[in-house]
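Just so it is clear, none of the values below were taken in a lab; they were calculated from the coordinates. Since this is a predicted model, take the numbers as computed values, not measurements. No Cβ is skipped: glycine too gets one built from the backbone with ideal geometry, and neighbour counts run over all protein chains shown.
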Amino acid sequence: MVSLAKTTNKLRALNVMLKLFNTLTGRQDVFEPIEPKHVRMYVCGVTVYDYCHIGHARSALVFDVLRRYLEYSGYAVTFVKNFTDVDDKIIKRANEQGVSCETVTQKFIQAYYDDMGKLGVRQASVEPKATEHMAETIELTNTLLRKGLAYQIEGDVYFDVARYPEYGTLSKRKLEDLQAGARVEVDERKHHPMDFALWKKSKPGEPSWSSPWGPGRPGWHIECSAMSIRYLGETFDIHGGGMDLIFPHHENEIAQSCGATSQHFAKYWVHNGFVQINKEKMSKSLGNFFTIREIFAKSEWSDAITGEILRYFLLSTHYHGPLDFSDQALKEAKSALNGFYDLFGRLAESEDKTIADPDLDLAIDRCQAGFRAAMDDDMNTPAAIAALQGLRNDVNKLVGVGLSTESRKLARQVFRSLGTVMGLFQLERWDFNVRIEPKPADLVGTAFPPAVTAAKQMTPEEIDGKVAERIEAKKRKDFKRADEIRAELKSSGITVEDKPDGTSRWKR
């Protein structure tokens with residue numbers, strides 16, 4: 001019998017040949033960090049003026065899993081993800097509500113942690129705020145002015161795209177073609193329509209900071225360059241975000257960062273695809289726009305959706321392609337996870353048979369090889385999940401034939417071990433279908449905390465007691481009482497399955 005330590009070491013000892021689709025090169029590139037065994041990664045975070053939507057959830061999970069897999073592969077990872085906490089939308093929301101910008105941003109930063117905690121998204125190594133890095137932002141802007149790559153107009157500072165010949169390298173478009181469809185600020189004072197703001201002169205009533213050009217605040221793009229360079233250096237390994245950020249945000253980051261430092265900025269640019277709702281692009285105008293908390297609260301899904309189910313669904317499509325969000329897809333994710341947790345319940349039972357143990361070792365080896373190949377192939381989470389489903393099917397068959405208690409424990413540990421990469425399979429069987437309503441203070445750094453809020457929710461000990469009472473009632477041939485207990489358990493969402501040997505097992 002192969003131990004978990006041996007199987008895990010065997011998996012990690014395999015040659016790491018991770019390939020990532022690099023938007024900068026337009027192809028899958030073999031991942032080779034600048035510093036051996038240390039990965040430095042920056043991902044653009046949210047602008048905190050509203051609740052996170054399903055698109056934010058997808059992006060957060062993609063880079064959470066990438067980080068987990070890199071760590072599982074033996075790398076130390078320094079992961080930086082920012083909060084944009086000064087922005088036109090934040091100012092507008094604060095004015096609409098008659099509160100300060102800080103009140104708005106604090107509310108939605110906490111909401112972000114609430115939502116991501118339910119999804120099991122780990123906090124980044126550093127989560128900087130734009131408002132806390134004004135010195136770095138001003139210094140970077142000054143450098144661009146000194147190099148002639150920026151110009152000042154009446155308290156505003158703009159980057160001069162015509163003076164940066166490589167502009168458009170990431171988005172693969174020429175400067176003259178970029179204006180169409182771009183989100184650009186109309187300002188006749190600009191040298192070129194695509195010139196973007198590095199520093200904005202403050203208007204009456206807006207938050208502002210002192211600068212050599214007068215009171216103002218940073219433009220959207222400069223903050224990410226300032227913070228990434230501050231925490232990761234002038235050149236780092238991975239820069240990530242949604243595909244909607246390729247242009248203009250990431251294109252502008254490259255221009256201002258490389259222009260200021262004369263160094264390469266990020267080596268690999270990784271972007272996740274969009275979310276569609278029933279095969280239509282998600283948008284507020286179409287009425288198909290869902291925040292994460294709306295998905296959990298929506299009445300027709302209230303019995304179906306937990307953090308792990310939503311996570312499983314989001315990882316069931318390759319990160320680089322579009323994701324179609326629908327009721328049916330969520331039901332399929334729930335059904336698939338039910339199959340895993342039903343197996344975990346069976347594996348928790350004691351068994352003395354040892355017939356199929358060698359076959360378990362083969363099944364584990366096959367799963368681990370498939371899992372590793374899938375994740376190395378541009379983080380192909382659907383194929384990785386398929387490898388885990390294959391192991392689930394194999395183990396289900398072996399349990400039917402007979403597995404020793406040691407083998408059962410090993411099988412469950414392998415699911416947990418590989419599941420850590422995906423952020424799955426860490427719960428006990430009785431926690432899986434419990435809706436997650438944790439307090440904000442309990443969220444950070446946790447994955448699917450088993451907080452129970454339903455009034456009729458029974459503890460595992462209470463359920464075990466009821467099942468034992470029912471077994472005794474059947475032994476006394478008091479079938480009326482046995483049926484009453486079964487009905488009582490059913491009303492609390494508990495199903496009891498009777499086994500041929502007279503014992504029973506239960507599941508939620």
Review point. Among the listed pairs K147/K200; K89/K267; K334/K397; K129/K200; K397/K475, which are separated by more than 28 Å between their Cα atoms?
Key: K89/K267; K397/K475
Point to revise | Within segment 33-272, percent of DSSP bridges classed antiparallel, to nearest 5 | key: 40
Check your understanding: At a Förster distance of 45 Å, what's the computed FRET efficiency of E472 paired with Q106, Cβ-Cβ distance as r, to 0.05?
Key -> 0.20
Practice item. Just rank R366, R40, fewest to most, by other beta-carbon atoms within 10 angstrom. Key: R366, R40
**Study point:** Phi to ³J(HN,Hα) by Karplus 6.51 cos²θ - 1.76 cosθ + 1.60 over segment 322-329, Hz, x for Gly, Pro
**Key:** x, 10, 9, 9, 7, 4, 4, 5
Point to revise | Ranking of K147, K466 by count of other Cβ atoms within 10 Å, fewest first | key: K147, K466
Practice item. Report the percentage of all Cα-Cα pairs in segment 304-399 whose separation exceeds 17 Å, rounded to a whole percent. Key: 58
**Study point:** Sequence-distant residues sharing a close amide H with N272 (under 5 Å, placed H)
**Key:** G241, G242, M243
Practice item. Rank the residues K397, K480 as a footprinting-exposure proxy: fewest other Cβ atoms within 10 Å of their Cβ go first. Key: K480, K397
